[in-house]
Amino acid sequence: MQNRLEELRILLMEHSHNYYVLDDPQISDGEYDRLFQELLEIEKAHPDWVTSDSPSQRVGGAALDKFTQVRHRLPMLSLENAFDDLDLIAFEERLLRFLFTDTKPDYMAEPKLDGLAVELVYEHGFLVQGSTRGDGTIGEDITAQIRTVNSIPLRLYKTDIPRLEIRGEVFMDRDGLTKLNHQRAEDGEPLFANPRNAAAGSLRQLDPKITAKRPLRFYVYGIAESTDTKCRTQQELLEFLSTLGLPVNDLITFCPDINAVINRFSELSDLRHDLAYEIDGMVVKVNDFALQARLGAKARAPRWAIACKFPAIQATTKILKVDFQVGRTGAVTPVAILEPVDVGGVIVSRATLHNADEIRRKDLRRGDTVLIQRAGDVIPEIVKAVLEKRDSSAEPITIPEKCPVCSHPLQKPEGEAVTRCVNPHCPAQRLRTMVHFCAKAGLDIEGLGKKSVEQLFDLQLIKDLPDIFKLQKGDLEVLDGWGEKSADNALAGIEAAKTPPLSRFLAALGIRYVGEVTAGLLENTFNSLERLLDVTREELLEVEGLGEQAANSIVDYFSDPSVQEMMRTFREMGVHPQVMLQTEENLLLTGEVLLFTGSLKKLSRTEAKKLVKENGGQIASGITRKLTCLVVGEKPGSKLKKAQEKGKKILTEDEFLQILDGTIAFH
Ligand code: I6G
């Protein structure tokens, strides 16, 4: 009997694959149902024989209280965008420059689905986890919901791979979305504006039984680590994943060169309206994994792939009025309040006008009819005024002379497009800084979203950043919209935010020109917050990747007495940013400052510098005091002599590579 159960599981798995993945059913629905009933009866008689890959386990288990977080073993990156043929050519040129070669690569081109990226983990062929992309590092565990998607196999055809982290897109096709929205309209529920929202809204149901009723589909696009299989190219990988039973989009094509990529983009632009599902562009990938590995990734996106987007969706509407918003850095941004209009399924009622130069360049007036556009998730923008429709009541838009919030005179520095409120005590700036500090891009404090921070600020419960750490339960639970539970939740979030990674803390402070990447450089180089309090401009300029604007801004910020006082208060409140030293310590070039000179034979300069950074080292700007080692290629020139005179360590290119592959030691 147990053998029959295993036989039924496999039979049903194959028929389900034929139906949902290959779109080629081999038996009738009635026959499938009979096999399924037989399986259910055996499982009912022997509940302990039910396995996680049984087709009976798809229907959706118990509802969850909340989603738990999942850290992706390797980050789920995003993709940079291209918009036309020229951008694609520029993409190839960048690749060739980086690789220091004239040999052009071949590519794979795939339709870009308007869905939700997910990771599926298979251990020994069994699906053990499904998660959302989240912020790329941490997503949500949606295993129970993922299991209900019929085209996602619960068990792969091969079970000899210990662990495989599959990445792909869950989406809803046009037919599925139309039917779902029809039903929602009948039930008086709000409609989903696009397939992406429908997929996300369906997967983020705590009750997987609801997800099971949604017509979700899935296509795989890759794996987390290309070396996990023996495949050498993206093309081989997709063929291999297909043999495992995973659904691979049959419109993915091999392109021998960038011209073929460009042709394919044009073909897909024509084809897109006839497809059963919505696509918003095409993803292009360098085919060869060895080249992909050499190209590596930037902070958020791989260098070897790009998303080429279809032209934006446009509509016309009217500028009703213009508001002026004061941002975190005092920048005053004009925002057009529009007559609400449907742009490709999304109702748009506001659009940024950016700054005075942009308004002048586009000659926009209050009362104008304007053409607006939206590209994917991008904030809508005004393309131009429809001049034929302008009437005499249209009024010029001028930036106010005084801050709309604190009335301090505004400044527009020579050569800059932005008008700024320079009053450091401007409440709008303080509020925006606090919102940023608590938000996802900052310390990501649970329970302190934008609305709550605005409320606490309005009530003067928080006036400055450290005040966040002084909040008491009694302050919060009595407020409108709060209760004991939400107060406890926020306080737990605040407590957890007291020991953030230093780089996260620095990015959260909202120092101009200090985003995630620069904050990372500061953490790696200076290793403590205290060290930054008296950092000099010269020291900052020695950090590779840190420019003059950022250096000036950092010095100005930390030398300000009110900032020094704020840092003291943070300490008193128990806020201690942490430095991730343990991984750094283990790296081969930690503490070393290298410089390359002469022509390298095996590496391009960019690759060489990247290797130094990946191995914990820094790059010197010249033969400086901090330099610890000069790597010399052919015809090294005067730098070699200078470094020798100063007693610096000298390595050849080969020795440098041998150190990195562990053949010889650095010291
Ligand atoms: O092939 C892809 C399709 C969609 C992707 C991708 C994607 O994001 C939604 N993202 C990455 C990072 C890669 N390929 C490599």
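The values are calculated or read from the model by the stated rules, or taken from the named source; none is laboratory data. Everything quoted here is computed from the prediction, not taken from an experiment. For neighbour counting, all protein chains shown are included, and Cβ atoms are generated from backbone atoms with ideal geometry for every residue, glycine included. Each accessible area value is taken on the protein alone, full model and side chains, heavy atoms only, with ligands, DNA and RNA left out. Shrake-Rupley method; radii C 1.70, N 1.55, O 1.52, S 1.80 Å.
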Item to check | Subset of the stretch 70-120 [within 12 Å of the ligand (Cβ to nearest atom), under 18 Å from the mean Cα position of the chain (by Cα) and part of a strand (DSSP E or B)] | outcome: 81, 112, 113, 116, 117, 118, 119
Next on the checklist: Restricting to the stretch 45-75, count the residues that are loosely packed, with under 11 Cβ neighbours inside 10 Å and over 24 Å from residue 120 (Cα atoms).
Outcome noted: 3
Checklist outcome for this item: residue 608 fails exactly one of (1) open to solvent by 50 Å² or more (accessible area, probe 1.4 Å); (2) not in a loop (DSSP other than H, G, I, E, B), namely (1)
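Name the residues in the stretch 249-281 that are of a type in the set (Asp, Glu) and either surrounded by 15 or more Cβ atoms within 10 Å (Cβ to Cβ) or free of Cβ contacts under 8 Å to residues at least 60 places away in the same chain (or both), would you? Can you show your working first?
In the first step, residues of the stretch 249-281 are kept if they are of a type in the set (Asp, Glu); the result is 250, 257, 267, 270, 274, 278, 280.
250, 267, 270, 274, 278, 280, listed by residue number.
Filter the stretch 132-150 down to the residues that are crowded, with 21+ Cβ neighbours inside 10 Å and under 24 Å from residue 239 (Cα atoms), then identify the one that is farthest from the ligand (Cβ to nearest atom). Write out each step before concluding.
Narrowing the stretch 132-150 to residues crowded, with 21+ Cβ neighbours inside 10 Å: 132, 139, 142, 144-149.
From what is left, the residues that are under 24 Å from residue 239 (Cα atoms) are 146-147, 149.
On the way: 146: 16, 147: 21, 149: 16 Å.
It comes out as 147.
In the stretch 269-323, how many residues are over 30 Å from residue 103 (Cα atoms) and either assigned to a strand (DSSP E or B) or away from the ligand (no atom under 15 Å from the Cβ) (or both)? So that I can check it myself, show each step before the final result.
Step one: of the stretch 269-323, the residues over 30 Å from residue 103 (Cα atoms) are 270-280, 311-323.
Now drop any that are not either assigned to a strand (DSSP E or B) or away from the ligand (no atom under 15 Å from the Cβ) (or both), which leaves 270-276, 279-280, 311-323.
Total meeting the criteria: 22.
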Checklist entry - In the stretch 612-648, how many are under 26 Å from residue 521 (Cα atoms) and either part of a loop (DSSP other than H, G, I, E, B) or not charged (D, E, K, R) (or both)? => result 21
Checklist entry - Quick one: in the stretch 197-217, which of the residues that are within 16 Å of the ligand (Cβ to nearest atom) and open to solvent by 30 Å² or more (accessible area, probe 1.4 Å) is nearest to residue 122 (Cα to Cα)? => result 217
Next on the checklist: So, in the stretch 626-657, how many residues would count as being modelled with pLDDT under 85 and either over 38 Å from the mean Cα position of the chain (by Cα) or open to solvent by less than 70 Å² (accessible area, probe 1.4 Å) (or both)?
Outcome noted: 1
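Being open to solvent by less than 30 Å² (accessible area, probe 1.4 Å), within 19 Å of residue 121 (Cα to Cα) and within 13 Å of the ligand (Cβ to nearest atom): is that true of residue 220 here? Walk me through how you get there before you give the answer.
Values: open to solvent by less than 30 Å² (accessible area, probe 1.4 Å): yes; within 19 Å of residue 121 (Cα to Cα): yes; within 13 Å of the ligand (Cβ to nearest atom): yes.
Answer is yes for this residue.
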Next on the checklist: With the condition being within 29 Å of the chain's Cα centre (by Cα) and closer than 19 Å to residue 436 by Cα, I'd like the helices (runs of 4 or more DSSP H) fully within the stretch 459-565 carrying at least 2 qualifying residues.
Outcome noted: 484-496, 502-509, 516-526, 548-559
Item to check | Enumerated strands (runs of 3 or more DSSP E) restricted to the stretch 357-431, each holding at least 1 residues that are open to solvent by less than 60 Å² (accessible area, probe 1.4 Å) and within 16 Å of residue 337 (Cβ to Cβ) | outcome: 369-374, 381-385
Item to check | Complete set of residues in the stretch 391-423 that are within 19 Å of residue 370 (Cα to Cα) and either of a type in the set (A, V, I, L, M, F, W, C) or within 35 Å of the chain's Cα centre (by Cα) (or both) | outcome: 394, 397
Checklist outcome for this item: Taking the stretch 26-37 and keeping only residues that are part of a helix (DSSP H, G or I) and farther than 28 Å from residue 210 by Cβ, one is left with 31
Next on the checklist: Testing residue 127 on (1) among the hydrophobic types (A, V, I, L, M, F, W, C); (2) within 15 Å of the ligand (Cβ to nearest atom); (3) touching a Ser or Thr at 6+ places or on another chain (Cβ under 8 Å), one condition comes back false. Which one is that?
Outcome noted: (2)
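For residues that are under 20 Å from residue 333 (Cα atoms) and at pLDDT below 90, tally how many sit in the stretch 424-444.
Of the stretch 424-444, the ones under 20 Å from residue 333 (Cα atoms) are 424-436.
Pick out the ones that are also at pLDDT below 90 and you get 424-425.
Number satisfying all stated conditions: 2.
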